[in-house]
1. Might you let me know whether segment 68-77 holds any residue that is closer than 13 Å to PRO29 by Cα and surrounded by fewer than 17 Cβ atoms within 10 Å (Cβ to Cβ)?
2. Looking at (1) touching a residue at least 24 places away in the same chain (Cβ under 8 Å); (2) in a helix (DSSP H, G or I); (3) closer than 15 Å to PRO44 by Cα, can you tell me which one GLY104 breaks?
3. Which is touching a Cys at 6+ places or on another chain (Cβ under 6 Å) and assigned to a helix (DSSP H, G or I), of PHE61, PHE65?
4. Tally time: how many residues in segment 107-135 are in a helix (DSSP H, G or I), among the hydrophobic types (A, V, I, L, M, F, W, C) and free of Cβ contacts under 8 Å to residues at least 24 places away in the same chain?
5. Here are the criteria: (1) within 30 Å of PHE128 (Cβ to Cβ); (2) more than 14 Å from the chain's Cα centre (by Cα); (3) of a type in the set (Asp, Glu). Tell me which single one GLU84 does not satisfy.
6. What pairs come out if I take residues in segment 43-65 that are assigned by TED's automatic domain parsing to the domain that holds ILE80 and at pLDDT 95 or above and pair them with residues that are assigned to a helix (DSSP H, G or I) and surrounded by 16 or more Cβ atoms within 10 Å (Cβ to Cβ) whose C-beta lies under 8 Å away, six or more apart or interchain?
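The values are calculated or read from the model by the stated rules, or taken from the named source; none is laboratory data. All values derive from a computational prediction rather than experimental measurement. Note: ideal-geometry Cβ built from the backbone for every residue, glycine included; neighbour counts use all protein chains shown.
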Amino acid sequence: MKEYNVCSIGSFSHVIQVAHVSKPVITDPIQYTIDDITRNYKNPLSVDQICKQFLISSRQFQRKFKKASGMTYTKMLQDIRIHESCSLLLDTSWSVQTIALEVGIHDMKYFYRIFKERCGLTPHEFRFNACSNIQ
């Protein structure tokens with residue numbers, strides 16, 4: 001038998017024993033969500049999907065997520081998408097619309113708004129400034 005230390009809700013943890021485990025059992029919805037957002041930022045699971053999977057209320061999940069990560073689910077997803085879009089703006093000649101779609105944002109007004117909030121520049125200004133600094 002293998003022993004797994006399981007993170008549980010609250011301030012205690014306990015050990016479970018599992019015989020012949022082929023896959024580790026995912027018991028921490030927060031770490032699972034962070035891993036999912038990082039791997040699959042184009043099309044991540046929704047909060048509702050995560051809550052159903054882990055049998056946790058949306059409010060409880062959001063509270064625990066913010067406590068563990070220091071930011072909301074939406075903010076983390078936005079930050080990862082904007083970080084990736086900055087890389088694509090610098091490394092490709094793709095249009096801003098193509099980049100927005102590539103990172104999973106289908107509304108161009110929304111993309112421009114959150115990009116400017118996070119970077120202080122529009123995507124075009126960001127690319128232009130980066131190109132100007134190279135020359």
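1. yes
2. That leaves (2) as the condition not met.
3. Sole residue among the options that is touching a Cys at 6+ places or on another chain (Cβ under 6 Å) and assigned to a helix (DSSP H, G or I): PHE61.
4. Final tally of qualifying residues: 4.
5. If we test GLU84 against (1) within 30 Å of PHE128 (Cβ to Cβ); (2) more than 14 Å from the chain's Cα centre (by Cα); (3) of a type in the set (Asp, Glu), just (2) comes out false.
6. Pairs that qualify, where the first residue is assigned by TED's automatic domain parsing to the domain that holds ILE80 and at pLDDT 95 or above and the partner is assigned to a helix (DSSP H, G or I) and surrounded by 16 or more Cβ atoms within 10 Å (Cβ to Cβ): there are none.
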